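Engineer: Sending over a structure as structure tokens; questions will come in a sec.
The values are calculated or read from the model by the stated rules, or taken from the named source; none is laboratory data. Just so we're clear, the structure is a prediction, and the values are computed from it rather than from any experiment. Reconstructed Cβ throughout: ideal geometry from the backbone, glycine too, with neighbour counts over all protein chains shown. Calculation scope for accessible area: heavy atoms of the full protein, side chains included, ligands and nucleic acids excluded. Shrake-Rupley method; radii C 1.70, N 1.55, O 1.52, S 1.80 Å.
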Amino acid sequence: MAAETGTPTTLTLKSNDDELFSVAESAAILSVTIRNMVEDGCAGGVIPLDNVDGKTLASVITYMNGISAIPADEEKKKSYRDKFLSDKDFETLADMVLAANYLNMSCLMDAVSAKIAQVMEKKSVGWVRRKFGIENDYTPEEEAAVKEEHKWTFEGVETDDDN
Amino acid sequence: KIRDGDYAAESSAAKKVVGNSFSVPKFLREVFTEELGQASGGRRRHWLLVLAVHAVMLDSGFLEFDKKSKKVVRGFGFHSRGDLPSDLSLFYTPVPRGAFAENVIVVLKFQPLGKFMTVYGALDNGSSKRSTYSVQLNEDRLVPFLKFVWADCELDGGLSNTSPEKEVSKFWIDVKDKLVSPLLIDSYKKSGLEYLPCFTSLPADLKLNILECLSGVDLARVSCVSSELRSLASTDELWKSKYVEAFGDLDVLMFENWKSAFVHMRDFVSFKPITQSCLLQPPFEWGYCYNHQPPPLMPQLFNVQLPLWMQNFHNYGPWI
């Protein structure tokens, strides 16, 4: 592979809105989906990624390049991931978790899932509904019942700051 | 043209079925009971899978639509349908939310082939350029579990080591992710509404991945957000890992599920340091330790005989 021959191979990835990206093979094979294509020898031309749009693919590639530049040091990789995800909004994160799933990149997937979960931590029920666009489908009686059952979880919950 | 009044009535009827039950098996059972209640044995079997898919559609906010009368169909009307035809098509329309007034129809085609049933779904707009989604169901595998969930009847010997709830949830997630959710997203697009990537639109396994990263307390609170999240956040596997994370790998057999084990253990752990220091003396200050509640199942948990004063600790004041 690239590292052995000394001449870095570049792959061309195409998003579903027809944007082209070139990325070093050594970085791209973080995605198991792409790695399988490379190993099967069908990564010669353009690799079409039908489920990822250009904006999301651009940030995934930024991540691929960033993380593969870090030598095997879990601590540093983790802090890179935290920094990489720190400024992403929820829509971007949702797109990224779908892309990471499609590309089969478990490290990115776990990091994004943890980040989304972190957003929910210690937040009120109403806040989670608004932030994640989740419809409250309980009737008032059901909601009262389910809240009563989970009363023990409301201790230390942050009060709503953006009503 | 569909009148708004019909929609409103139907959507509240659908909500009523959905709202009263929190878990997939319960919801299924209600739909089954309502539709198949008086049908004879042989005919039921073939309709079970169709009805189960129908229930997923209802749960996701679709209602059946009669193309001839241009009306939403109340109830599935199993009795008037006779035997399962070899190519059954059912039409659905999404329950309008906000500006969702445009008349969007989706069609499901059921094609039984031997023991398999393939369900195809697409927007019913007559154009050739439309996406079709499909899911294949194995009748032999699913029907015993569906029957069990519906009627609580005995499982055959070979199936007794599997959990019907788990199998049915797997079916539910499969149908939702492969068929129903894509149809819902297409319906949104068709009516010109943007379907933003929101938590609800993620596939169920990705949602579970996210929920797994939450602490037990946060996970439990998320149940209050919506009935879908409640159903996801009740997954026993999830709670087993939360339990092990928090309290180590203990065999807890006396609870019906890992969530209640977690809740009780949590109460117990927060209570433990106090019991240890109080064991040899009467508990003068217990009123403050307990949030004024009786002790959470401690004797059952460790199977120890408590001293009499502890069993009767309610008699010790001051309780506020």
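Engineer: Provide the buried accessible surface between chains B and A in square angstrom, both chains summed, 1.4 Å probe, rounded to the nearest 100.
Structural biologist: For chain B against chain A, roughly 3100 Å² becomes buried.
Engineer: Right, something else. Please report the carbon-and-sulfur percent of the accessible area for chain A; probe 1.4 Å, protein heavy atoms only, DNA, RNA and ligands left out.
Structural biologist: 49 percent
Engineer: With θ taken as phi - 60° and the coefficients 6.51, -1.76 and 1.60, list the Karplus ³J(HN,Hα) couplings across the range A:131-144 in order, rounded to whole Hz; mark glycine and proline as x.
Structural biologist: 5, 9, x, 9, 7, 7, 9, 7, 6, x, 5, 4, 4, 4
Engineer: Given H placed on each backbone N at 1.01 Å, which residues far from B:Lys71 in sequence or on other chains put an amide H within less than 5 Å of it?
Structural biologist: Placed amide hydrogens put B:Asp66 under 5 Å from B:Lys71.
Engineer: Starting from the Cα of A:Lys88, move 7 Å in the Cα-to-Cβ direction to define the label point; list residues of the range B:200-238 whose amide nitrogen is under 18 Å from there.
Structural biologist: Hits in the range B:200-238 for A:Lys88 at 18 Å: B:200-214.
Engineer: What average number of partner chain Cβ atoms lie no more than 10 Å from the Cβ of the residues making up A:97-106?
Structural biologist: Per residue, the number of nearby Cβ atoms from other chains is 2 on average.
Engineer: So for the pair A:Glu75, B:Leu113, with labels modelled 7 Å out along Cα→Cβ, what separation do we get in nm?
Structural biologist: 5.8 nm
Engineer: Can you tally the lysine pairs in chain A where the Cα-Cα distance is under 16 Å and the two residues are eight or more apart, or on different chains?
Structural biologist: Going through chain A pair by pair, I get 15.
Engineer: Also: Under 5 Å between amide H atoms, partner at least 5 residues away or on a different chain: which partners does B:Phe116 have, H built in plane at 1.01 Å?
Structural biologist: B:Glu139
Engineer: Using a/c under 1.5 as the rounded threshold, could you call the range A:2-120 rounded, prolate or oblate? The axes a ≥ b ≥ c are square roots of the C-alpha gyration tensor eigenvalues, and prolate needs a/b larger than b/c, oblate otherwise.
Structural biologist: Judged from the Cα gyration tensor, the range A:2-120 comes out oblate (a/c at least 1.5, b/c at or above a/b).
Engineer: I would also like to ask the following. Count, for each residue of B:207-219, the Cβ atoms from other chains sitting within 10 Å of its Cβ, then give me the mean as a whole number.
Structural biologist: 6
Engineer: Would you pull out the residues with amide H under 5 Å of A:Val46's amide H, same chain only if 5 or more places away, H placed 1.01 Å from N?
Structural biologist: Those lying under 5 Å, H to H, from A:Val46: there are none.
Engineer: Roughly what % antiparallel, to the nearest 5, for the DSSP beta bridges in chain A?
Structural biologist: 60 percent
Engineer: Picking from A:Gly54, A:Gly66, A:Gly126, which is most flexible by a Gaussian network model of chain A using Cα springs under 10 Å?
Structural biologist: Greatest mean-square fluctuation among the candidates belongs to A:Gly126.
Engineer: Also: At R0 = 51 Å, how high is the FRET efficiency between A:Lys151 and A:Thr9 if r is their beta carbon distance? Nearest 0.05 is fine.
Structural biologist: 0.30
Engineer: Run the quick spin-label model on B:Asp174 and A:Ser68: label points 7 Å from Cα toward the beta carbon, then report their separation in nm to one decimal.
Structural biologist: With each label placed 7 Å out from Cα toward Cβ, I get 3.6 nm.
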